[in-house]
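**Student:** Would you mind keeping the following structure in view while I ask a few things?
The values are calculated or read from the model by the stated rules, or taken from the named source; none is laboratory data. Nothing here was measured: the structure is a model prediction, and the numbers come from that model. For neighbour counting, all protein chains shown are included, and Cβ atoms are generated from backbone atoms with ideal geometry for every residue, glycine included. For the accessible areas, the whole protein counts, side chains as well, though only heavy atoms, and no ligand, DNA or RNA atoms are used. Shrake-Rupley method; radii C 1.70, N 1.55, O 1.52, S 1.80 Å.
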Amino acid sequence: MAETPVLGRSYGELLVTLGVMTEDDLNRALAIQSNQGGDLDAILVENSIVDIQKLHDAICDYLGIETVEIKDISIQRDILQLVPVRLVHRYHLVPVERENGCIKVATADPLNHDAFDDLKLLLRCEVEPLLAYSSDIKTAIKRYYGIGSDTVDSLMEEEGDEFATDVSAAADGDIEELSEDASIIRFVNQVMSEAINDRATDIHIEPFDNRLRIRYRIDGLLYEASLPPAVRRYQAAIISRIKIMADMNIAEKRLPQDGRITIRRGGTEFDLRVSTVPTPYGESIVIRILNSSGELYDLGRLGMDPGSYEIWQKMIHRSHGIILVTGPTGSGKTTTLYASLAELNRTDVKIITIEEPIEYQMEGITQIQVQPKIGLSFATVLRSLLRQDPDIMLVGETRDQETAEITIRTALTGHLVFSTLHTNDAAGAIPRLVDMGVEPFLVASSLIGVIAQRLVRVICPNCKDEVAPQHELLAALGYRPDDYTGVSFFKGRGCEECKYLGYSGRTGIYEMMPIGQELRDLTTRRASGAEIKRCAMQQGMETLRQYGWGRVKSGLTTVEELLRVTQEDVYLEKSITEELNKEKKVIEAGFEL
C-alpha cells in the first residue's frame, strides 16, 4: 500500500527533529501506515508512540501557529463555499473563518506547502493554517460537505449543465449508462462503507420532491446522513446502481422488488437485503445489513441477569413444547433464538429452522428459507418437516392461524419448538394466539414459556459522566424519590468513539414468563392479557420496566432509554404493582383478602 499523502514522512521527520520521537519510532509508525493505511498522527497516538498533546504543542511552537477544536465550532456556509470540494478532499483541510482578509484553514498537515500555495492562488488572499486532529477534520468534512461530496463534485464537473435536473425524466438508457459510471459506483460504495463503519443495521434511501435523504439505523434509531445538495441530481442513477447490484429489474419502477447483495469489506462478508417500493418522487430503498460471517452470540453474552438466565435455561432444555419470544421488529428476538439453538446444537440432536430470511448460517443446523412467491410458506414447510425427523424446530414467525395451529400440534407430538410473535409483552402472547383461532386448551397444553424483550442502548464507556436524577422522567416510569435515593445516574456526553451519540452498542432487557398451572388455568378460561400479567407478576415475574430499572441503577443505560422502550407498558404495570403492594400490606397486617 502506498504511503498516504496526508501526514507522511516529511511530517514524521519534523517530529524527529523536534525531539517528539526517535527515528526508530518513525520507521515503526511508517511501517504500520504502509500495512494498514491511515494518518500518521492517529497511528502515533493509537500505538502509544507519542502523546497527542505533546505532538501538537511541538508543531505549534515550531511553526508559530494555533490549534483549533474543529468539532466544537460551527462554520458558516459562506466560508465553506470559499474552497472547492475537490481541494478540501485532496488536501484534507476545512476553511474555518475569515478575519482581516485572511482565510484560516484547519489542517492536520501544516507542512503541506503545495496546498497553501494553491489556496493562496485561488483565493487571492493570505491563508493561515490552524492545527487540528486528522480524525476531527474527517468528521467535519462529512458533516459540512456530506458523504461522497468529492464524488458528486467530480460527477458535476464531468456532466456540466447538460445533465437533466429532473433525472426521472431522463431516458432509461441514459440512466442505465450513468449507473455504471465509476463515480456513481464509488458513491454507492461510500454510502455502504459509511453505514458499516457506523455499525448501522439498515440504510434508508428516500426520495422527496426536492431532495434525496439517506438515513442510517444505528442502535435502533435513525440518523440522517449529511449529503451534498447536488446528490438529488443523480438520484435515478444511484437507485439503478443499487438495483443492478441486487439483481433487480431496473426497468420496473411501478412495483415493489426484493433483492440481495453480497459484499466483502476488510475480510468480513456482509449480506445486504434490498427492498424497493414506488413513491411519487421515485423508488424508496431500504437495505438491511447482515454480517453473515459474524460471530453468533452465546446466551451468556445476551445481557441476561443470573435469575433470568436460569429460567431461560430451564425452558430451552425441556424435551417438548413451544417457547415464544415476543417483541417488536428489531428487538433482538432472532439473536436470542440463534444463541439458544447454538447451545442446543449437538451431534445427537436434529435441528431444523424455517426462516424469512435466513439471517445467519449455522453449522450443523438445517435451515430453510420460505418463498411465498412460489407457495413455500411457513405452514407449507411445517407440514413436510415432521417427516424429516427433527428434535428441535425454529419457526421464524407465527403470523396466522394455520401456522400457529401446526406449530402447536408439532410441539404436542414430542418436539421442542421455538417461534416469535409480535406482542408488546409476554402476557399478551396467550390472548394473541387465542385471537388467531387456536383453541385455548391447545395453547395451555403446549406452551412452556414466553419471553418478551427489548434492546436498550448502552452508555458509551469512553464519555460516560454522572448526571443529576431526572425527576419527571423517573416519575413517568413510576418511581418516587425514595426509590432512587443513593442511586447514581449516568449519561454519555458524546465523543469520537460513539460518533457523538453518547451510546455505543445495545443490550437486552427481558421479561420471563414460565407457564405454570395457574397460568394454564387462566389460558383455558380465555383470560385477558392484564389478568395473565397480574398473575405472573404475583408469582414473581420481573417486567421489562423492572428489569430495565436494574440496568439503569447499574449505570449501563439511561432513564430516557428505559422510558423510550417500555413506555407503552408503564401504566398497566404501575397499576398492577400498586394493587399487589396494597395486597401485600394487608397480608402483612394480618388480614385476609
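**Student:** SER319 versus ALA251, label points 7 Å from Cα toward the beta carbon: distance in nm?
**Tutor:** The answer from the label model is 6.1 nm.
**Student:** With a sphere of radius 14 Å drawn around the Cβ of ASP219, what net charge do the other residues whose Cβ falls strictly inside it have (Lys, Arg +1; Asp, Glu -1)?
**Tutor:** +3
**Student:** Please report, largest first and rounded to whole Å, the three semi-axes of the ellipsoid equivalent to region 32-123, where each semi-axis is the square root of five times an eigenvalue of the C-alpha gyration tensor.
**Tutor:** Semi-axes (√(5λ), whole Å): 25, 16, 13.
**Student:** Towards the positive end of the charge dipole of the chain, with charges on Cβ (+1 Lys, Arg; -1 Asp, Glu), say which of LEU272, GLY303, GLY148 has the farthest Cα.
**Tutor:** Most positive-ward Cα: GLY303.
**Student:** Counting only C-alpha contacts under 8 Å and six or more residues apart, can you give the relative contact order of the chain as a whole percent?
**Tutor:** 8
**Student:** In Å and from the alpha-carbon atoms only, list the Rg and Dmax of region 222-379.
**Tutor:** 19.7, 60
**Student:** If you wrap a convex hull around the alpha carbons of region 473-578, what volume per residue comes out, as a whole number of Å³?
**Tutor:** So the per-residue hull volume is 115 Å³.
**Student:** Whole number please: convex hull volume per residue, Cα atoms of region 383-422, in Å³.
**Tutor:** Convex hull of Cα atoms, per residue: 62 Å³.
**Student:** Name the residue from MET315, GLN257, PHE490 whose Cα lies farthest towards the positive end of the charge dipole of the chain, charges +1 on Cβ of Lys and Arg and -1 on Cβ of Asp and Glu.
**Tutor:** Selected residue: MET315.
**Student:** Taking the Cα centre of region 18-127 as origin, sum charge times position over the Cβ atoms of Lys and Arg (+1) and Asp and Glu (-1), and report the length of that vector in debye to the nearest 20.
**Tutor:** Magnitude of the dipole: close to 540 debye.
**Student:** Shifting gears a bit: From the convex hull of the Cα coordinates of region 289-429, what is the mean projected area in square nanometres?
**Tutor:** Answer in nm², one decimal: 8.9.
**Student:** Under 4 °C and 1.567 mPa s, how fast does region 347-404 diffuse according to Stokes-Einstein, given a Kirkwood radius computed over C-alpha pairs? Answer in µm²/s, whole number.
**Tutor:** Rounded, D is 109 µm²/s.
**Student:** With unit charges on the beta carbon (Lys/Arg positive, Asp/Glu negative), name the residue among VAL88, TYR500, TYR281 whose Cα is farthest towards the positive pole of the charge dipole of the chain.
**Tutor:** TYR281
**Student:** For the ranges 37-43, 204-210, 72-78, what's the packing order if you count other beta-carbon atoms within 10 Å of each residue, average per peptide, and put the highest first?
**Tutor:** 37-43, 204-210, 72-78
**Student:** Roughly how big is the chain's charge dipole about its Cα centre, with Cβ charges of +1 (Lys, Arg) and -1 (Asp, Glu), in debye to the nearest 20?
**Tutor:** Value, rounded to 20: 2000 debye.
**Student:** Of all DSSP beta bridges located in the chain, what percent are antiparallel, nearest 5?
**Tutor:** 65
**Student:** Related question: Can you give the Kirkwood hydrodynamic radius of region 271-358 from its Cα pairs, in Å with one decimal?
**Tutor:** Answer for region 271-358: a Kirkwood hydrodynamic radius of 15.8 Å.
**Student:** Follow-up question, since we're still on this one. Just to check I understand the Karplus step: with θ = phi - 60° and J = 6.51 cos²θ - 1.76 cosθ + 1.60, what whole-Hz values come out for region 372-378, glycine and proline as x?
**Tutor:** x, 4, 10, x, 8, 8, 4
**Student:** Here is a follow-up. For LEU394, which sequence-distant residues (separation of 5 or more, or a different chain) have an amide H within less than 5 Å of its own amide H, given hydrogens modelled in the peptide plane?
**Tutor:** For LEU394, whose amide H was placed from the backbone, the distant partners under 5 Å are ILE352, THR353, ILE354, PHE418.
**Student:** Then there's this: Using the structure shown, list the pairs from LYS54/LYS491; LYS54/LYS138; LYS464/LYS553; LYS350/LYS373; LYS120/LYS499 with a Cα-Cα distance above 26 Å, or answer none. Provide the component values of the computation, followed by the final result.
**Tutor:** Values: LYS54/LYS491 30 Å; LYS54/LYS138 22 Å; LYS464/LYS553 14 Å; LYS350/LYS373 28 Å; LYS120/LYS499 34 Å.
From LYS54/LYS491; LYS54/LYS138; LYS464/LYS553; LYS350/LYS373; LYS120/LYS499, over 26 Å: LYS54/LYS491; LYS350/LYS373; LYS120/LYS499.
**Student:** With the full set of protein chains in place, find how many percent of the accessible area of the chain is carbon and sulfur; take the probe as 1.4 Å.
**Tutor:** 47
**Student:** Sticking with this one: For the chain, what does -39500 (n - 2.57) per DSSP helix run (n ≥ 4), summed and divided by total residues, give at 222 nm, in deg cm²/dmol to the nearest 500?
**Tutor:** Here the helix-only value at 222 nm equals -12500 deg cm²/dmol.
**Student:** For region 424-503, what mean projected area does the convex hull of the alpha carbons give, in nm²? Numbers along the way, then the final one.
**Tutor:** Details: hull surface 35.0 nm².
Quarter of the Cα hull surface area: 8.7 nm².
**Student:** Per residue and in Å³, how big is the convex hull formed by the alpha-carbon atoms of region 9-67? Numbers along the way, then the final one.
**Tutor:** Numbers: hull volume 4.4 nm³, N = 59.
Spread over its residues, the Cα hull of region 9-67 gives 74 Å³ apiece.
**Student:** Going by amide H atoms built from the backbone, whose H comes under 5 Å of the H on ASP219, apart from near neighbours?
**Tutor:** THR201
**Student:** I've got another one for you. Heavy-atom accessible area per residue, the chain, 1.4 Å probe: how many Å²?
**Tutor:** Computed with neighbouring chains in place, this is 48 Å² per residue.
**Student:** In addition: What does the charge count around GLU466 come to, taking other residues whose C-beta lies under 14 Å from its C-beta (Lys +1, Arg +1, Asp -1, Glu -1)? Walk me through the intermediate numbers first.
**Tutor:** On the way: positive: LYS464, LYS491, ARG493, LYS553; negative: ASP465.
With Lys, Arg at +1 and Asp, Glu at -1, the net is +3.
**Student:** Any idea what log10 I(q)/I(0) is at q = 0.06, 0.07, 0.11 Å⁻¹ for the chain, Debye with uniform C-alpha scatterers and no solvent?
**Tutor:** Once normalised to I(0) and log-transformed, intensities are -0.43, -0.58, -1.17.
**Student:** Still on this model: Calculate one ³J(HN,Hα) per residue across region 468-483 by plugging θ = phi - 60° into the Karplus curve 6.51 cos²θ - 1.76 cosθ + 1.60, and present them in order as whole Hz with x for glycine and proline.
**Tutor:** With coefficients 6.51, -1.76 and 1.60, one gets 6, x, 9, 4, 5, 5, 5, 5, 5, 7, x, 10, 9, x, 5, 6 Hz.
**Student:** Can I ask one more? I'd like the isolated cysteines in the chain, meaning no second cysteine's beta-carbon lies under 4.7 angstrom from theirs.
**Tutor:** Cysteines lacking a close Cβ partner in the chain: CYS60, CYS102, CYS125, CYS535.
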